[in-house]
Amino acid sequence: MPGASMAGSSPQSAAILPQMASSPAEIVEQFLNAWNERDYRTMYTLLSTESQGQYTYAVFETTYNNVAEAISLEGISFSLGETELQGRTAAVHYDVTLRSPSFGAIEDAGRIMRLVEGPAGWRIAWSTMDIFDGLAAGARIQVDSDPPPRGHIFDRNGNYLVEENGVILQIYAQKLIMANEEQCYRALGTALRRDYREIAESAANYNPETIFFVGDMDREEYETRAGMLREWCGIDLESGHITERIDRRYVGHGAATHVTGYLGQASEEAIARGVPPGTLIGQAGVEGAFDAQLRGEAVRVLRITEPGGTVIRDLGGAEGQPAQNVTLTIDRDLQIATAQALYDAFMYAENNWASRSPGAGAVILDVKTGAILALASYPTFDPGLFSPNTPFPFPSAYLQSRPNEPFFNRVTQGQYPPGSVFKIVTTAAVANEGLMDPDDTFYCGLRWENGPLYGDSLPVRLDWRASEPDPEQVFPTGDVTMSGALTSSCDPFYYEMGARLFQRNPALLSNYARRMGLGQRFGLEPIFPEASGFIPTTTSVEQAINEAIGQGDLQFPVIQMANLVASVANGGTIYRPYIVERVGHPDQPPTFVAEPQVIGTMDLSEEALEVVRQGMCDVTTQEKVNTTNGRPLGTAWFVFENTYYSICGKTGTSQTNAEPHAWFVAYVPADRPQIAIAVMVQNSREGSEVAAPIVRRILDDYLNVPPENFWRFPDWWQNEYVPLTIAEGGTGGG
């Protein structure tokens, strides 16, 4: 500045140095340009000998790197002012602006860089103050962050699915006070929706007097289960075995884990993207897919502080963004009913089919929109296990050691042969192609011997009834129409029609499967890992016959079979299943609102659709009877007799290398379809024996059937397992 003087000098000795090569201003310009390019080696060569003696290059480079990392430095811009000269020293005035994606433009105006002249010319008398004014030795740059509370996750009715800062009851047990250990573990398992055998296994590691953590529970759930916990475990609110913590609360503690996901520590990859170390971020499900919206952006202040914490200077700040809430299409009551039904089934049948089955999946869709109303995969786990505040040790190691893969989503990620559920597709193809008229009949015997006429290598194929273990159940179905064939799941009918469809066009049945929505991903990622399913290229009549009954290499995720049924129920419109309804802060306009999306039409005649619907509706009733002995045709009538609602469905029993997968798919109600449901139980028994009862339990619960009429699981589920015996040339069931 003209006329200005430096401390300790007289006005006569201060002068404005003209701009010239190797002038102080030139050196400062080189230094600042190198800083913009992060060329710390060049910057260091422009330091005076004294400064280099005081700061090694390693210290110099580390200091600048630390600053760049703290503010996420993108670069700098500057403008030079006047240069003051006093003998062999100089002071260059300048303004500098540091650019940061986190803090915007950090302006540092009115700076002075001091230089000394030596044998090599002008060099910078550097200190850490030349990075920021106030950054003296020992001071540091600090980012103070105040993150907003994480957003909530709601169901379609505004009920919490995930609540930030909710009240959680922590349940502890002590063998010393248990009235009966096994009964206590069963009571705890029921209350926590956790396999009681796992609780017993964990308890074996503790002495009788040791108080050990068992799991988290909602207060409402505790109030329902308090009596049995007090009776068998000695646990109540006054016993000292229940404590509270305020934490992110996952309602149902495992009832919706594969939907909501969970939180975990930020990974190195997330930190590299700018997430502060130690931040909890979404790891799966909605928590993972909408982590940025649920987390919001913290209010951040960039400061220079002395070692004692005193703030020397505020450099800048970032306003942050409030967290957004996510509202799902899930119905919380239906979700909990679905998860509870799967859990209850596996515990009730623990010595029977559940002793062989690794898990199950269930999903329920709105037939008019594709909205996912419930999605449960068994086994599951409490997302709260991953909270840093949980008393549970090593959750990842514990869950990964489980042989039944609790992380695996059996609804969207797994794919399974559909068995007789696929007969829905075959029936639609036969009706739409006009291979039979709706009133024509086909004789359904126990044996099908027409195969050689079509080139089949097997001289005889059997109906599934031929393999029934009860001799009284081994009888021919008799004459059936197309819809009756679906109702009775008549294998000979589908053997015959598979061969005829192949004769007409080897790809015909595969094409119908695709046009009815199978074999394609729905775009559920990144919320859910999603399998595409598999529809093979049909190259032989044997393959075509097997595929007509849902065997061979056909494989589909459970959600695709639910969507198939939803499309049949709504008249042939194929919607894309979706689960996020709305995203946004309650005080601001939403950033996302879902719209139902049509992704195709089945392009079936109304007559063909009616044949399929009639066949499905008769599966659950006693109205259509066997022409041989007058017994009901429907493969699941005995499960759904005396219901308070009308239901149309289809059983399926798909053969595997082990026990068969049990399927049941349905829509409700029959006359005005609202929801479609699919349940698949791996390696269990027939669909009518296992999957259909679970569907009945879910619907009875959800549709508020009076407690005295609430359907009970079959008594035989508590007997020892008896493997299915399938006759050669037969199938595992309808």
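In this entry, Ser684 passes the filter for residues that are closer than 17 Å to Asn351 by Cβ and small (Gly, Ala, Ser).
Kindly indicate the residue of the range 226-266 that is charged (D, E, K, R) and at pLDDT below 95 and also surrounded by the fewest Cβ atoms within 10 Å (Cβ to Cβ) among those meeting that condition. Applying the filter and picking the extreme gives Glu238.
If we scan the range 437-456, do we find a residue that is assigned to a loop (DSSP other than H, G, I, E, B), touching a His at 6+ places or on another chain (Cβ under 8 Å), modelled with pLDDT of 95 or more and more than 24 Å from Ala608 (Cα to Cα)?
Checked the range 437-456: no residue is assigned to a loop (DSSP other than H, G, I, E, B), touching a His at 6+ places or on another chain (Cβ under 8 Å), modelled with pLDDT of 95 or more and more than 24 Å from Ala608 (Cα to Cα).
Taking into account only those residues within the range 385-417 that are part of a helix (DSSP H, G or I) and out of contact with any helix residue (DSSP H, G or I) (no Cβ under 9 Å at 6 or more places or on another chain), which is modelled with the highest pLDDT? Only one residue fits best here, namely Gln400. Taking (1) touching a strand residue (DSSP E or B) at 6+ places or on another chain (Cβ under 7 Å); (2) not in a helix (DSSP H, G or I) in turn, Pro506 satisfies each apart from (1). Residues of the range 288-302 that are touching a residue at least 12 places away in the same chain (Cβ under 8 Å) and either touching a Ser or Thr at 6+ places or on another chain (Cβ under 6 Å) or surrounded by fewer than 18 Cβ atoms within 10 Å (Cβ to Cβ) (or both): Glu297, Ala298, Val299, Arg300, Val301.
Among residues of the range 701-718 that are more than 16 Å from Ala337 (Cβ to Cβ), those with a Cβ under 6 angstrom from a residue that is surrounded by 10 or more Cβ atoms within 10 Å (Cβ to Cβ), sequence gap 6+ or separate chain, pair up as Trp717/Tyr348; Trp717/Ala349; Trp717/Asn352.
Taking the range 504-535 as the range and being more than 20 Å from Gln555 (Cα to Cα), in contact (Cβ under 8 Å) with a residue 40 or more places away in the chain and not basic (Lys, Arg) as the test, the residues that pass are Pro526, Ile527.
If you go through the range 163-198 and keep only what is buried (at least 21 other Cβ atoms within 10 Å of the Cβ), in a helix (DSSP H, G or I) and among the hydrophobic types (A, V, I, L, M, F, W, C), you end up with Cys184, Ala187, Leu188, Ala191, Leu192. Checked against (1) within 16 Å of Trp448 (Cα to Cα); (2) surrounded by 20 or more Cβ atoms within 10 Å (Cβ to Cβ), Gly517 meets all criteria but (1).
Conditions tested, residue by residue: (1) modelled with pLDDT of 95 or more; (2) surrounded by fewer than 14 Cβ atoms within 10 Å (Cβ to Cβ); (3) touching a helix residue (DSSP H, G or I) at 6+ places or on another chain (Cβ under 9 Å).
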site: Thr573; (1), (2), (3): yes, no, yes
site: Tyr578; (1), (2), (3): yes, no, no
site: Val583; (1), (2), (3): yes, no, yes
site: Pro586; (1), (2), (3): no, yes, no
site: Glu595; (1), (2), (3): yes, yes, no
site: Gly600; (1), (2), (3): yes, no, yes
site: Glu606; (1), (2), (3): yes, yes, no
site: Asn626; (1), (2), (3): no, no, yes
site: Gly634; (1), (2), (3): yes, no, yes
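In summary, Pro596 fulfils each of the numbered conditions (1) assigned to a strand (DSSP E or B); (2) under 21 Å from the mean Cα position of the chain (by Cα) with the single exception of condition (1).
Checked against (1) under 18 Å from Phe638 (Cβ atoms); (2) touching a residue at least 12 places away in the same chain (Cβ under 8 Å), Leu501 passes all but a single condition, namely (1). In the range 260-276, the residues that are closer than 14 Å to Ala298 by Cβ never reach a residue that is surrounded by fewer than 12 Cβ atoms within 10 Å (Cβ to Cβ) and among the aliphatic types (A, V, I, L, M) with C-beta atoms less than 7 angstrom apart, at least six apart or across chains.
Annotation note: Cβ proximity below 6 Å between a residue of the range 453-478 that is touching a residue at least 40 places away in the same chain (Cβ under 8 Å) and a residue that is of a type in the set (Phe, Trp, Tyr) (sequence gap 6+ or interchain) occurs for Arg461/Trp448; Arg461/Tyr495.
Going by the structure shown, is Ala666 more than 23 Å from Met347 (Cβ to Cβ) and either part of a strand (DSSP E or B) or of a type outside the set (Val, Ile, Thr) (or both)? The answer is yes for Ala666. Using the structure shown, decide if Ser377 is closer than 26 Å to Ile168 by Cα, modelled with pLDDT of 95 or more, polar (S, T, N, Q) and surrounded by 15 or more Cβ atoms within 10 Å (Cβ to Cβ). Considered against the rule, which asks whether it is closer than 26 Å to Ile168 by Cα, modelled with pLDDT of 95 or more, polar (S, T, N, Q) and surrounded by 15 or more Cβ atoms within 10 Å (Cβ to Cβ), Ser377 comes out as yes.
Of the residues Ala485, Ala562, only one is surrounded by 24 or more Cβ atoms within 10 Å (Cβ to Cβ), in contact with a helix residue (DSSP H, G or I) (Cβ under 9 Å, 6 or more places away or on another chain) and at pLDDT 95 or above; which? One residue alone meets the criteria, Ala485. Across the range 134-153, the qualifying residues are those that are surrounded by 17 or more Cβ atoms within 10 Å (Cβ to Cβ) and farther than 30 Å from Asp291 by Cα, and the one among them that is modelled with the highest pLDDT is Leu135. Pairs are defined by a Cβ separation below 6 Å, a sequence spacing of at least 6 or placement on different chains, a first member in the range 328-340 that is touching a residue at least 24 places away in the same chain (Cβ under 8 Å), and a second member that is of a type in the set (Ser, Thr, Tyr); the pairs so defined are Leu334/Tyr702; Ala337/Tyr702. The single condition among (1) within 20 Å of Ile364 (Cα to Cα); (2) surrounded by fewer than 19 Cβ atoms within 10 Å (Cβ to Cβ) that Asp470 does not meet is (1). Counting only strands (runs of 3 or more DSSP E) that sit completely within the range 267-370, those holding 1 or more residues that are modelled with pLDDT of 85 or more and more than 30 Å from Val722 (Cβ to Cβ) correspond to 280-282, 325-328, 360-366. Just one of (1) surrounded by 18 or more Cβ atoms within 10 Å (Cβ to Cβ); (2) more than 16 Å from the chain's Cα centre (by Cα); (3) of a type in the set (Val, Ile, Thr) fails for Ile281. It is (2).
So is Ser532 over 30 Å from Val722 (Cα atoms) and either surrounded by fewer than 19 Cβ atoms within 10 Å (Cβ to Cβ) or modelled with pLDDT under 95 (or both) or not? Against the criterion (over 30 Å from Val722 (Cα atoms) and either surrounded by fewer than 19 Cβ atoms within 10 Å (Cβ to Cβ) or modelled with pLDDT under 95 (or both)), Ser532 qualifies.
Any residue at all in the range 42-60 that's small (Gly, Ala, Ser), surrounded by fewer than 14 Cβ atoms within 10 Å (Cβ to Cβ) and without any contact (Cβ under 8 Å) to a residue 12 or more places away in the chain?
Checked the range 42-60: at least one residue is small (Gly, Ala, Ser), surrounded by fewer than 14 Cβ atoms within 10 Å (Cβ to Cβ) and without any contact (Cβ under 8 Å) to a residue 12 or more places away in the chain.
Cβ separations smaller than 6 Å between residues 6+ apart or across chains give the following pairs from the range 384-398 residues that are under 21 Å from Glu163 (Cα atoms) to residues that are part of a loop (DSSP other than H, G, I, E, B): Gly384/Thr390; Leu385/Phe392; Phe386/Tyr262. Within the range 607-619, none of the residues are in a loop (DSSP other than H, G, I, E, B) and polar (S, T, N, Q). Filtered by the rule that a residue be more than 28 Å from Ser510 (Cβ to Cβ) and either crowded, with 19+ Cβ neighbours inside 10 Å or under 29 Å from the mean Cα position of the chain (by Cα) (or both), the range 608-624 gives Thr620, Thr621, Lys624.
The values are calculated or read from the model by the stated rules, or taken from the named source; none is laboratory data. Being a predicted model, the structure only gives us computed values, none of them experimental. Cβ sites come from the backbone with ideal geometry, for glycine too, and all protein chains shown count toward neighbours.
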